[in-house]
Amino acid sequence: MADCVRLRYVIDGENFTSAGEASVKVKRSLRQMGFSPEVIRKVSVAMYEGEINMVIHARGGVATVDVYEDRIVIVLEDEGPGIPDIPLAMQAGYSTAPDNIRSLGFGAGMGLPNMKKYTDDMKIESVVGKGTTITMTVNV
Amino acid sequence: MTVRELAQKLGARAVCEPEPDRQVCGCYTGDLLSWVMGRAQADNVWVTIMTNINTVAVATLADVSCVVIAEGAELDEAAAKTAEAKGVNVYSSPLSSYSLCAAISDLI
Ligand SMILES: Nc1ncnc2c1ncn2[C@@H]1O[C@H](COP(=O)(O)OP(=O)(O)OP(=O)(O)O)[C@@H](O)[C@H]1O
Ligand SMILES: [Mg+2]
């Protein structure tokens, strides 16, 4: 399984109108590569939630998607404020999103739970004041 | 049923209709995007009052067959352009989310 296609995107933390763009591009690439709708859906949900979180909570970041024959690995890295209490952040309904963000339809506190639910493995590494790296794997 | 047939029966106006022949299967309603992302199924009709650009991204990624905007709300201009480009069908109706879902339930 040495063969891997790497997709890489810089996620702009300022630009709300293009938020989700990288996820849409990944979805299109996976479709062209012939992955099943289920796999594409899992990756789309997980990547979108992670991408939006980087825009809303961490002033942007970098997304790397490694596509192997038997799995897809998504790594989201940011240099935002970090997550002080990861189990709390993982709870359905927990959100620190401000009102202006909530008015756009975000802030249900369901993003991280969705990422967990739609991937086969998820690891969060976070240091307060330094940033967060989330690694998610979807098995094909 | 196709999205166009459904929209005509609902009396909903086409805001943009890049894929009129797309088949409809089931329906989901909600305005909180992470709920929609996690729960809407492919080919669902999505009934919502959210009208910003993020609606279009969620519709694309959740792979819904169309978005029906309730309460006569208007999709903002940037969102309408993006929807057209991304192949997302969007309709608008003066009915409430409840009335739309009830009508859709009778039709599909
Ligand atoms: N990359 C990140 N950097 C810093 N904090 C984060 C990051 N991702 C998530 N968080 C924190 O974890 C909380 C929960 O995230 P989650 O995605 O579940 O909900 P949300 O983004 O607030 O709302 P939703 O995703 O439902 O729109 C956030 O409100 C935020 O406090
Ligand atoms: Mg989130």
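A short reminder: the numbers here are calculations on the coordinates, not readings from a lab. No experiment lies behind these values; they were computed from the predicted model shown. Cβ placement follows ideal geometry from the backbone for every residue including glycine, while neighbour counts extend to all protein chains displayed.
Residues in the range B:1-42 that are closer than 13 Å to residue B:88 by Cβ and of a type in the set (Asp, Glu): B:17, B:19. Would you point out the residue of the range A:67-81, among those that are surrounded by 18 or more Cβ atoms within 10 Å (Cβ to Cβ) and near ligand 1 (Cβ under 9 Å from one of its atoms), that is nearest to residue A:128 (Cα to Cα)? Once the filter is applied, the top-ranked residue is A:80.
Exactly one residue out of B:29, B:60 is surrounded by 18 or more Cβ atoms within 10 Å (Cβ to Cβ), out of contact with any Cys (no Cβ under 6 Å at 6 or more places or on another chain) and either of a type outside the set (Ser, Thr, Tyr) or within 27 Å of residue A:115 (Cα to Cα) (or both): that is B:60. If I ask for residues that are within 12 Å of another protein chain (Cβ to nearest Cβ), of a type in the set (Gly, Ala, Ser) and surrounded by 15 or more Cβ atoms within 10 Å (Cβ to Cβ), which ones from the range A:1-51 would you list? Matches in the range A:1-51: A:18, A:19, A:20, A:22, A:23, A:44, A:46, A:50. Checking residue A:131 against (1) within 18 Å of residue A:65 (Cα to Cα); (2) more than 14 Å from every other protein chain (Cβ to nearest Cβ); (3) more than 12 Å from ligand 2 (Cβ to nearest atom), which single condition isn't satisfied? For residue A:131, the failing item is (1). Looking at residue B:32 and the list (1) in contact (Cβ under 8 Å) with a residue 24 or more places away in the chain; (2) within 16 Å of ligand 1 (Cβ to nearest atom); (3) hydrophobic (A, V, I, L, M, F, W, C), which single condition is not satisfied? Here residue B:32 clears every test but (1). Residues in the range B:40-52 that are surrounded by fewer than 21 Cβ atoms within 10 Å (Cβ to Cβ), within 7 Å of chain A (Cβ to nearest Cβ) and of a type in the set (A, V, I, L, M, F, W, C): B:42 only. Residues of the range A:82-96 that are surrounded by 18 or more Cβ atoms within 10 Å (Cβ to Cβ) and at the interface with chain B (Cβ under 10 Å from one of its Cβ atoms): A:95 alone. Is there a residue in the range A:52-66 that is touching a Cys at 6+ places or on another chain (Cβ under 6 Å) and surrounded by 15 or more Cβ atoms within 10 Å (Cβ to Cβ)? There is at least one residue in the range A:52-66 that is touching a Cys at 6+ places or on another chain (Cβ under 6 Å) and surrounded by 15 or more Cβ atoms within 10 Å (Cβ to Cβ). Only residues that are closer than 18 Å to residue A:19 by Cα and within 11 Å of ligand 1 (Cβ to nearest atom) were counted in the range A:90-133, giving 15.
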